[in-house]
Amino acid sequence: MKRLAVLALVVAVTAVACSAGGGGDGLTLYSGRSEDLVQPLIDRFTEETGIEVTVKYAGSADLAATLSEEGTGSPADVFFAQDPASLGTVALAGLLSPLPTDVLSKVPERFSDSQGRWVGTSGRARVVVYDSTAIDPGDLPETEDGFTDPQWRGRVGIAPTNGSFLSFVSAKILVDGEDATLRWLEGMANNASPTFPKNSAIVAAVNDGQIEVGLVNHYYLLRALAESPDLPGANYFFEVATPGSLVMPAGVGILASSDKQESAKKFVEFLLSDESQSYFATETFEYPLVPDIPASELLPPLETIPTPDVDLSMLATVLDTATDLVAQAGLL
Amino acid sequence: MTDPASVVDVELIAGTPGAAPGGVSDAGRSAPWWLWVGALTVLLPVGLPVLFLFLRAAGATDAAWDTLMSIRTVQLVARSFLLTAVVTASATAVGVTGAWLLARTDLSFKRVWGIVFAMPLVVPSYVLAMVFISATGPRGLFADMTGITLPHLIGLPGAWLALTITTYPYVYLITAAAIRKIDPALEEAARGLGATPTRVFRTVILPQLRPAIGAGALLAALYTLSDFGAVSLMRFDAFTRVIYAQYSGRLDRTPAIVLSIVLILIASVIIWGEQRTRGKGKYFSRSVTRPPTLYRLTGPQRIAATSAMAIVAGIGAIIPVAVLVSWVVRGVRAGSDTSVSWSAVGGSLTAGTIAAALAMAAAIPIVILAVRFASRSTRWLERGVFGLFSLPHITIAIAVVAFTVRYTRPVYQSLLVLGLVYAAMFLAQATSAAKAALIQVNPALEDASRSLGRGPIATYVKVTFPLMAKGLLAGGALVFVTTLKELPATLLLSPPGFTTLAVRIWAAADELLYTRAAASALLLIAVSIVPVYYLSIKPKDALDT
């Protein structure tokens, strides 16, 4: 017992010592974007600027909630998130500092917060992924509303608890209203649409032949194809403006409580540099948002995707309603 | 010993009726205060924030009450109960059968089976689910290799299979240790009186194993109840899925907290049920003086037993490893990046070691209290231990974030707090194994030590602790292995820059980067093999004292 007590003490002391090492000049980044996708970019930033970045990776919504909990005493300097709803949550809590206009002006206005508290860094389009061996894209409906038709019964996978699906539902509330959104969700539920925990599981299920169609973000399929080029999945972009074709940005904001505003700004600028934007195009298969940086050739140009008029800053204000509607429709 | 945590205590079958059962020599004396302090050092820092979280939910919002009072919630409770029941039943059947075959028959290659049969313990349930999903169906690996199409393994069957595989090792390991404590003379007597092997198993062996099986089954049931990874990938609508969805899908946290309280009530019913069915029988151990006569399997029996072991081990360990290897190979051929993160290996080892050390340290006073000073309050102590084991990890993590941010800022996001959370969440595994060991320690030895002038602390350190050390280490090994698989608390509570293999698997799989996910999963399995080797090859030394 004595030896164990000594061991426990040593462990405790080391643990505290290790965790105290976070200070210095370096930045602390909360990243809702996956380490596999963004760590190479962060390493490049450190190489170029000499600024060390310590990253905490977790889900975007979880980090947004953590930041809200931490308030003004957060150890984080920068929040890099997958979706506007998470960024909006933190912005609504008054925790993000406004970005300078020279940063905001690099990206089209519709991809940033209307009050300039966060800026979009890369675009992610909502698409229909389908099994090309089972479905003729000409038979797909004009908008997501068509999938409540009985002919699609049990064939369309959705991820009702996933952040990007909830962002899409939030956008649908803002565009079509609460009633229409609830009717659509109920239609999908009544149509026995298979539910998945996340986008990637839907894309995998389409490629495995479990389901024929799924509502997802565009890039998962491209990444899967990069590993296994023979997969039968294909992406379909709606041809009319609808929440189901919305391009939503991943984005970044600086914590108002950070005492490293200058370094943090450098990091945000780095994410909008040509180098980073090209990285998003070629490595993560997202849309670069800075004009003149070409997207992957496998994708239709960003300008050709019809987009409904939605203020993305408002998504977070209807997030709880979106979850309520999803639950009310019986999808939760 | 009517509490759920006793493991390897063996029912008194023959002789010495009325003899003092093991572990009551201190009855009547009140427990020294420092034992309580020790018992609460891990439990309190995590249990208190959880209580705070629940109190916060007392001012629940309308949304929370709407969520709670819906028909849907009732359905989910029923579904979670159903899943827990079928998983526990099959995990118990597999675990007990395996333990009996290995301990009491002349099955061939026992040493190999010993480790292979325990191996599923190290494969995270979400990796199993991922593998099963991709191996079945018309385009699955199985169909590719054999031309035979297996139906897609999803929903209840999928969740049942993945969780049965994940949890049966608990039943197996604990039962295997207990079975060795049974005096073979009883079986031989029964057989000599003409009982068939089945009858011997049913009427002589099984009743003596009742406490061990109960403890293993309880761990399996509560693990199933708190699991999120497998049920969500298998698309089985269990309670945890809704709790996670409510946490991530809204700014208002109270609906998720209220649902967590319901979940802990379900767990209480299960814990209570295990206590009730155990009854009031007194258990204590007899010394085993010689090895048992092994039951000779007939030819067909040998084939049947070997195939059954092979099927379970194949599904639980060999197929998953083969599929993971095939993903890595496929990725390497396609030129994918397979680089593995050594810092994640370091992180996993650090996390596992801290968790195991803290859990073992906390388990000592808890089991001494539970065994030597059993009372109403020690039973509540043990219920607390099992309660934390049954909560979804996200609930505990959120409770601790909220608490440490407000009240213990300097240790917020420190490895110390992360280690305490792991230790508290998995403490039930450590106390189960340690308690088993302590029950085997004859209290008369402690009395002798005290009567010879040693103080109580010196007695525990010099006499009790060395005798229970091996059981304690086995418990530490279980905590180590389980910590390596943990994800939600790791994500929320780890210091910035800290990463583990489980986090790497999650991140890569989420982006459909199967090559990297598989490489990390194989590393995780490799790192966990050491403690499993210790638990399985040498269970006689590890779980027996």
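Each reported figure results from applying straightforward, stated rules to the coordinates on display, with no laboratory input. The structure presented is a predicted model; accordingly, all values stated were derived computationally and were not measured. Because the Cβ atoms are built from the backbone with ideal geometry, glycine has one as well, and the counts that use them run over all protein chains shown.
Against the main long axis of the alpha-carbon atoms of chain A, helix A:163-176 sits at an angle near 60°.
Quick check: the distance between the Cα centres of region B:29-96 and region B:295-374, to the nearest angstrom? When both Cα centres are located, 25 Å separates them. What FRET efficiency comes out for the pair B:THR293/B:ASP447, r = Cβ-Cβ distance, R0 = 30 Å, nearest 0.05? Calculated value: 0.25. Extension gain, B:ILE261 to B:THR149, is 36.1 nm, computed as 0.36 nm per intervening residue step minus the present C-alpha separation. Estimated from the Cβ-Cβ distance and a Förster radius of 35 angstrom, the FRET efficiency linking A:ALA256 and B:THR408 is about 0.90.
Once you reduce region B:458-530 and region A:115-191 to the center of their Cα atoms, the two points are 38 Å from each other. Computed extension length for A:LYS266-A:GLU52: 75.8 nm, one decimal, from 0.36 nm per residue of separation with the Cα-Cα distance subtracted. Modelled this way, with points 7 Å down the Cα-to-C-beta line, the labels at A:VAL175 and A:GLN151 are 2.2 nm from one another. Here the dipole of the protein assembly as shown is about 5660 debye; that uses its Cα centre as origin and unit charges on the Cβ of Lys and Arg (positive) and Asp and Glu (negative). Mean-square fluctuations from a GNM of chain A, with a 10 angstrom spring cutoff on Cα atoms, peak among A:ALA171, A:ALA189, A:ALA226 at A:ALA226. Treating r as the C-beta distance of A:THR143 and B:VAL112 and R0 as 51 Å, the FRET efficiency rounds to 0.30. Within chain B, the selection of entire DSSP H helices by a Cα span of 24 Å or greater along the long axis and an average Kyte-Doolittle value of at least 0.0 returns B:33-56, B:71-104, B:155-179, B:206-226, B:254-278, B:342-372, B:465-485, B:514-536.
Normalising the average separation of contacting C-alpha pairs (under 8 angstrom, six or more residues apart) by the number of residues puts the relative contact order of region B:420-540 at 26 percent. Taking the inverse of the mean reciprocal distance over all distinct Cα pairs, the Kirkwood hydrodynamic radius of chain B comes to 24.1 Å.
Between B:ARG56 and A:SER68, the modelled labels are 1.0 nm apart [label points 7 Å from Cα along Cα→Cβ].
Sort A:ASP320, A:ASP131 by Cβ crowding within 10 Å, fewest neighbours at the top.
The fewest-first ordering by Cβ neighbours comes to A:ASP320, A:ASP131.
Pairs of Cα atoms nearer than 8 Å and 6+ residues apart set the relative contact order; for chain B it is 27 percent.
Each part gets one Cα centre, and for region A:200-250 versus region A:85-110 those centres are 28 Å apart.
Per residue of chain A, the DSSP helices (runs of n ≥ 4 H) give a summed -39500 (n - 2.57) that works out to -12500 deg cm²/dmol at 222 nm. For chain A, find the longest principal axis of its Cα atoms and tell me its angle to the long axis of helix A:60-70, 0 to 90°, nearest 10. Long axis of A:60-70 versus the principal axis of chain A: about 40 degrees.
Angle of helix A:35-49 to the longest C-alpha principal axis of chain A, folded into 0 to 90 degrees and rounded to 10: 50°. Compared with the direct C-alpha span, the chain from A:THR282 to A:ASP102 gains 62.3 nm at full extension, assuming 0.36 nm per residue.
Only Cα pairs under 8 Å and 6+ residues apart enter the sum, and on that basis the relative contact order of chain A stands at 26 percent.
Scoring A:93-104, B:77-88, B:142-153, B:159-170 by mean Cβ neighbours within 10 Å over their residues and listing the highest first yields B:159-170, B:77-88, A:93-104, B:142-153.
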